[in-house]
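The values are calculated or read from the model by the stated rules, or taken from the named source; none is laboratory data. Values in this document were obtained by computation on a predicted structure and should not be read as measured data. Positions of Cβ are generated from backbone atoms using ideal geometry, with glycine treated the same way; all protein chains shown enter the neighbour counts.
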Amino acid sequence: MISRIVDRWRAMRQAGDAQSSPAINSADRFQRRLTAIGEVILRHRWTPLLTVIATIIIHLLLREVVFPRHDPLDVATRACAAPGEWFDLATADVVDQSRLMREIAGRPIILLGKTGTADLDEGRWLGFSVAAIYSAHRNVVIALDGFPPSQQPVLDRWVQGEIEEADLISTLDWRAAYTLDPQSYVPLFRLARLYRVPLLAIGMDTVIAEHLLREDWASVPVLNGRRDRPVEPPEGYRRSLAALHLAEQLSEDEATRDRDVGRLIFSEELTPILVSDGFRRFMQARRAEDWLLAHRLIAARQRSGRPLVVGIIARNHLEYGWGVPSQLAAISPVSTAILLPFAGSGDCGLIRPGVADAVFILKPGPIASVSAALPRPEPIIGRVGGPAASKSAAP
């Protein structure tokens, strides 16, 4: 069949060349030959079927290359079977750290999630991850969501070598403000001091928190030269937080709560929670905090030299791009990368395609999952003031 098409096209080409005059240039001759090829194809009776088959094959190939589909359970199982490795959720496979860092170092903002646990391995992961990013991009600043701007002078003195570790912890009034073991932040602090990487306090201030919670927008300072308001959180964000809130009411066991979240997120049982005043206030506070963090990340990016901003932010503010990333997208269309830590068994079930760009699997063992980092229904009011904040919240 194909040979007949080729033979017919050659015969038409020879006939066309025989009729050509010297005045016809090569461009015209090329156009005539293309037309002849099209006429041959269109005249053949198998053309419609071949066109359909070719279209289906091309569609399937492009879908697998551009939009690969992976079974969520298979992704979680494969990821958690590789502790100590980076796992690319787009390809559903282990990825080399050097390659990953080179790929994401060109983005203006990289967001590293943290849970509310005192697990020291997670603290080491934060430190080594920032070190890997720094090796790929030397102009870096580290933005910390757990510290309000009032503590910026302390962080500056530490980075400049003016105070020692014990003085840093005591000056931050760590043990009065936070329940996390300060050693979980020590690797990050030491890296910043060693390489003189600026540490930026981007957490919530008490005064701004009060204005935001009252929705007193006229009293909120102008941020990044604009006076805007937080966008509404995605529906998935609202339902996931409501499911967690309900799961906490149903069970005190952490493992049971984590299983219940997946079951409840699409359940009708969430309806009373979603419309309750307590949950509405909680979402209002969460939306305001996400918005303020997004603005301060953008402000960090606008510093002299336009550094790469590495944000250290609670994991539940980042998952699926719902919290801080959605507010970032509304304020400024900057490209971000989301990197999250997961335990090999403690919160393996929470790994799903789309939860982050890549995840790092810590050693197998129980690590408090996203639920530990989520505050209670009205969290922000008590935690944003720094040292006087509630001890139930982590930086």
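Things to note:
- Of all residues making up the stretch 226-252, the number that are over 30 Å from Gln302 (Cβ atoms) and part of a loop (DSSP other than H, G, I, E, B): 2
- Consider the stretch 325-352 and keep the residues that are out of contact with any strand residue (DSSP E or B) (no Cβ under 7 Å at 6 or more places or on another chain) and hydroxyl-bearing (Ser, Thr, Tyr). The one that is modelled with the lowest pLDDT is Ser345.
- The single residue among Val231, Val197, Val154, Val159 that is in contact (Cβ under 8 Å) with a residue 60 or more places away in the chain and over 21 Å from Arg286 (Cα atoms) turns out to be Val197.
- Only a single criterion out of (1) at pLDDT 85 or above; (2) over 13 Å from the mean Cα position of the chain (by Cα) is not satisfied by Ala368, namely (1).
- The stretch 192-209, residues that are surrounded by 14 or more Cβ atoms within 10 Å (Cβ to Cβ) and not aliphatic (A, V, I, L, M): Arg193, Pro198, Gly203, Asp205, Thr206
- For the stretch 327-337, filtering for residues that are within 13 Å of Ile109 (Cα to Cα) and surrounded by fewer than 24 Cβ atoms within 10 Å (Cβ to Cβ) leaves 7.
- Of all residues in the stretch 284-314, those that are out of contact with any helix residue (DSSP H, G or I) (no Cβ under 6 Å at 6 or more places or on another chain) and of a type outside the set (Val, Ile, Thr) total 17.
- Single residue of the stretch 268-302 satisfying the filter (of a type outside the set (A, V, I, L, M, F, W, C) and either in contact with a Pro (Cβ under 8 Å, 6 or more places away or on another chain) or not assigned by TED's automatic domain parsing to the domain that holds Leu199 (or both)) that is surrounded by the fewest Cβ atoms within 10 Å (Cβ to Cβ): Gly278
- Filtered by the rule that a residue be exposed (fewer than 14 other Cβ atoms within 10 Å of the Cβ) and either free of Cβ contacts under 8 Å to residues at least 12 places away in the same chain or in a helix (DSSP H, G or I) (or both), the stretch 211-225 gives Arg214, Asp216, Trp217, Ala218, Ser219, Val222, Gly225.
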